[in-house]
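Data first, discussion second: the structure below is written as structure tokens.
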Amino acid sequence: MKELIEVIAQSLVDHPEEVTVTETENDNEIVFMLTVAADDMGKVIGKQGRIAKSIRAMVKAAASKTDKKVVVEIGQ
């Protein structure tokens with residue numbers, strides 16, 4: 001799932017080399033932290049957060065077979 005988030009984010013931004021995804025796993029939750037360049041934040045979030053919601057929906061669909069909750073956080 002980490003690779004999925006990286007591929008999606010890199011295709012959206014102007015500076016794909018600055019895209020990083022870190023994964024933190026707790027007992028029943030996996031948190032992915034997506035960081036991008038400051039100028040690319042708007043491209044990843046989208047108007048009214050639509051792109052961010054779409055990314056989160058795709059990751060949740062990909063993780064539906066696991067018993068863990070998946071969270072995608074976006075920052076810089």
Please list the non-local residues whose amide H lies under 5 Å from the amide H of Val70, H modeled 1.01 Å from N, same-chain partners needing a gap of 5 or more.
-> Ile30
Within a Cβ distance under 14 Å of Gly49, other residues only, what is the Lys/Arg minus Asp/Glu net charge?
-> +4
Mean Cβ neighbour count within 10 Å, used as a protection proxy, ranking 4-13, 53-62 highest first | 4-13, 53-62
What spacing in nm lies between the two simple spin-label points modelled at Lys68 and Met41, each 7 Å away from Cα in the Cβ direction?
-> 2.8 nm
Nearest-ten-degree value, helix 50-62 long axis tilted from longest Cα axis of the chain | 30 degrees
How long is the gain from Met33 to Val7 if the chain were fully straight, where each residue apart is worth 0.36 nm and the alpha carbon distance is subtracted?
-> 7.9 nm
Quick one: which of Lys2/Lys43; Lys43/Lys69; Lys2/Lys47 span more than 22 angstrom between C-alpha atoms?
-> Lys43/Lys69; Lys2/Lys47
For the chain, longest principal axis from Cα atoms; helix 2-12 axis from its Cα atoms; angle between them, nearest 10 degrees, is 20 degrees
For the chain, what is the convex hull volume of its Cα atoms per residue in Å³?
-> 76 Å³
Charge dipole (debye, nearest 20) of the chain; +1 at Cβ of Lys and Arg, -1 at Cβ of Asp and Glu | 540 debye
Rounded to the nearest 500, the 222 nm mean residue ellipticity computed for the chain from DSSP H runs (n ≥ 4, each -39500 (n - 2.57)) alone is -11000 deg cm²/dmol
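Read the figures in this text as sums done on the coordinates, not as results from a lab. The shown structure was predicted, so the numbers you read here are calculated from the model rather than taken from an experiment. Quick reminder, even Gly has a Cβ in these numbers, built from the backbone with ideal geometry, and neighbours come from all protein chains shown.
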